[in-house]
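The values are calculated or read from the model by the stated rules, or taken from the named source; none is laboratory data. Not measured: the values here are computed from a predicted model. Positions of Cβ are backbone-derived with ideal geometry, glycine not excepted, and every protein chain shown enters the neighbour counts. Accessible surface areas use protein heavy atoms only, side chains included; no ligands, DNA or RNA. Shrake-Rupley method; radii C 1.70, N 1.55, O 1.52, S 1.80 Å.
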Amino acid sequence: MRKLVYYVAATVDGFIAAPDGSYDFFDLHPDPAGHLVTQWPQTFPTFAHAQLGIDRPQGRFDTVLMGRATYEPALRVGVTSPYAHLKQYVFARSLPPSDDPAVEIVSGDPAAFVRDLKERPGGDLWLCGGGHLAGQLLSEVDEWVIKVNPVVAGSGIPLLDHSFAPQHLTLLAATPTGAGVVVLHYTR
């Protein structure tokens, strides 16, 4: 069965974006970028592959899931398929169907949709963001890969927007990548 992996950058205090949704305060230093390009090449937008030296992004994912707020920055600059190398699902009730055949807008229940995707053949599913969608998919997330950045934000969009529901995870790896970034990899 396919796994849902929540792979995301976060601050030390657990935020994935500023209150306005921006995330430019996460600096992409060469040291962590080199590790991430080597270990997680599929998680970079297609337009960045050439400049990062990614020829064919091999890896475990063939699908990316994202919320409306995660997808909209690409739309604002005219990019309808930010991860053209993956099948893309955008969960949004307020967006019309996509004109891009590589992107499907999903307006139904995210958890039911993901359970169906997990049963289909293919690679693992990458939950790209955001915190609201992650909260709706909490019961479906199999692995957590959190790139903890040496930043304290104070407020913003949380890693997970969900009511209090503690779940214990098992640490698979804690990898310092340079510039103070640590990649924490957990499983349910």
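Report the trypsin sites (Lys or Arg not before Pro) located in region 30-111 that are in a DSSP loop and have at most 15 other Cβ atoms inside 10 Å of their Cβ, or state none. All intermediate terms of the calculation are to be shown ahead of the outcome.
Numbers: sites: Arg60, Arg68, Arg76, Lys87, Arg93; in loops: Arg60, Arg93.
Hits after loop and neighbour filter: Arg60, Arg93.
For the chain, report the accessible area per residue in Å² (1.4 Å probe, heavy atoms, rounded to an integer). Could the numbers behind the result be given before it?
On the way: 9580 Å² over 188 residues.
Here the residues of the chain average 51 Å² of exposed surface.
Out of Val64, Phe47, Gly14, whose Cα points farthest toward the positive end of the dipole of region 1-75 (charges: +1 Lys, Arg; -1 Asp, Glu; placed on Cβ)?
Toward the positive end, the furthest listed residue is Val64.
Based on the alpha-carbon gyration tensor of region 104-155 and its eigenvalue square roots a ≥ b ≥ c, which shape applies: rounded if a/c is under 1.5, prolate if not and a/b is larger than b/c, or oblate? Let's see the in-between values first.
Numbers: a/c = 2.65, a/b = 1.77, b/c = 1.50.
Note, shape of region 104-155 comes out prolate.
Could you tell me the extents of the chain's C-alpha atoms along the three principal axes, largest first, rounded to whole Å?
Largest first, the chain extends 42, 40, 34 Å along its Cα principal axes.
Per-residue HN-Hα couplings for region 19-33, Karplus 6.51 cos²θ - 1.76 cosθ + 1.60 at θ = phi - 60°, whole Hz, x for Gly and Pro?
Here the 3J(HN,Hα) series is x, 8, x, 6, 9, 6, 6, 7, 6, 9, 6, x, 4, x, 4 Hz.
From the phi of every residue in region 172-184, what ³J(HN,Hα) in whole Hz does the Karplus formula 6.51 cos²θ - 1.76 cosθ + 1.60 yield, where θ is phi - 60° and glycine or proline is x?
For region 172-184, the Karplus curve yields 8, 6, 10, 10, x, 10, x, 6, x, 8, 10, 9, 9 Hz.
Ignoring ligands, DNA and RNA, please state the percent of accessible area on the chain from carbon and sulfur, probe 1.4 Å. Intermediate values should be presented prior to the final figure.
Details: 5300 of 9580 Å².
After summing per-atom areas, the C and S share lands at 55 percent.
What does region 37-105 give for Rg and for Dmax, in Å, if only its C-alpha atoms count?
Expressed in Å, the Cα Rg and Dmax of region 37-105 come to 12.2, 36.
Quick one: grab the alpha carbon gyration tensor of region 52-92, order the square roots of its eigenvalues as a ≥ b ≥ c, and give me rounded if a/c is under 1.5, else prolate or oblate depending on whether a/b is larger than b/c.
Values: a/c = 2.86, a/b = 1.47, b/c = 1.94.
Cα axes put region 52-92 in the oblate bin.
Based on the alpha-carbon gyration tensor of region 1-55 and its eigenvalue square roots a ≥ b ≥ c, which shape applies: rounded if a/c is under 1.5, prolate if not and a/b is larger than b/c, or oblate? Can you show the working numbers first?
Details: a/c = 1.85, a/b = 1.25, b/c = 1.48.
Taking the square roots of the gyration eigenvalues as a ≥ b ≥ c, region 1-55 is oblate.
Would you calculate a helix-derived [θ] at 222 nm for the chain, using -39,500 (n - 2.57) for each DSSP H run of n ≥ 4 and dividing by the full residue count, to the nearest 500? All intermediate terms of the calculation are to be shown ahead of the outcome.
Details: 5 runs with 39 residues, N = 188.
Helix-only estimate at 222 nm: -5500 deg cm²/dmol.
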